[in-house]
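All remarks here apply to the structure that follows.
Every read-out reported here was derived from the displayed coordinates using simple, explicitly stated rules and does not represent laboratory data. Computed from a prediction, not measured in an experiment: that's the story for all the values here. Because the Cβ atoms are built from the backbone with ideal geometry, glycine has one as well, and the counts that use them run over all protein chains shown.
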Amino acid sequence: MLKYKGQLAGIAVRDDVDERNTSVRCHACGRVLPSNRKNRGLYTCSCGWRAQADVNGALNIFERAYQVSPVKGSSGRVARPVVLSLRLGWHGVHEPKRRNKSLRAS
């Protein structure tokens with residue numbers, strides 16, 4: 001159904017990525033420890049990584065599929081044309097609000 005709906009919307013859906021252990025693998029350090037997934041919504045690791053559990057799993061699947069992480073530094077396989085400041089929150093990854101600095105005439 002996902003492939004069908006994706007085709008209707010012009011979106012390619014990949015199903016060749018093994019999702020085994022992606023929800024219990026730490027996206028930051030790679031440690032696979034089922035006890036790190038505290039409950040349905042929380043994933044914490046002793047390395048300091050803390051994220052919403054489904055976001056952690058999705059980041060691991062993305063990294064397996066494309067060999068690069070959207071929140072880690074570049075693997076060298078792809079170019080990073082811009083640097084974005086990302087913040088991991090309870091509900092996902094988002095770019096923090098930017099402060100508008102007024103320019104003063106000298």
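Couple of notes before you dig in:
- Residues of the range 32-54 classified as in contact with an Asp or Glu (Cβ under 9 Å, 6 or more places away or on another chain) and of a type in the set (Gly, Ala, Ser), total: 1
- Residues being of a type outside the set (A, V, I, L, M, F, W, C), out of contact with any Phe, Trp or Tyr (no Cβ under 9 Å at 6 or more places or on another chain), assigned to a loop (DSSP other than H, G, I, E, B) and on the phi < 0 side of the Ramachandran plot - total across the range 10-27: 7
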